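Contents: one structure, followed by commentary.
Every number in this text was worked out from the coordinates using simple rules, so none of it is lab data. Fair warning: this is a prediction, and the values are worked out from it, not measured in the lab. Note: ideal-geometry Cβ built from the backbone for every residue, glycine included; neighbour counts use all protein chains shown.
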Amino acid sequence: MAGLRAAGSTRARHFPGSGRRIGIAVAMQARIDRDALVALLATQPDFDVLGSASSVPEAVALCLARAPRVLVLDTLADGAPEVPAAAVLGLAAPGTRVLSIARTRRNAARC
């Protein structure tokens, strides 16, 4: 993924600091989902997967230790709502952006 293309545009938009890999961490409760997302992200040349966590406390520790640029947060991690979890992460690791994946328990049970 060398850059993003805007809809209808033929010109690629590059990330600031192009040429540097973006550090990403994943926090998801379900191991199968977490492992699948980590494996998928690891195939992208612009991403450097720094680790994964199965709970919000583990995610905070991971962000403090590895300082990822982005944390992909499952809304069901630890059963905690994503907004308080994102707030905790924002206070603990203000340099990390949180990308929340919204799922419901009902939809997660179908997977």
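Structure summary
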{"quantity": "Net +/- balance of residues flanking residue 48 in space, Cβ distance below 13 Å, scoring K and R +1, D and E -1", "calculated": "+3"}
{"quantity": "Long-range amide H partners of residue 51 with built H, under 5 Å", "calculated": "26"}
{"quantity": "Extension gain, residue 61 back to residue 36 (0.36 nm per residue minus Cα-Cα distance, nm)", "calculated": "6.8 nm"}
{"quantity": "Residue-count net charge about residue 34 - beta-carbon cut-off 12 Å; Lys, Arg +1, Asp, Glu -1", "calculated": "-3"}
{"quantity": "Karplus-derived 3J(HN,Hα), 6.51/-1.76/1.60, for each residue of segment 49-62, Hz, glycine and proline x", "calculated": "6, 8, x, 9, 9, 9, 8, 5, x, 5, 5, 4, 4, 5"}
{"quantity": "Taking 91, 37, 62, 71 and counting other C-beta atoms within 10 Å, the order from fewest to most", "calculated": "91, 37, 62, 71"}
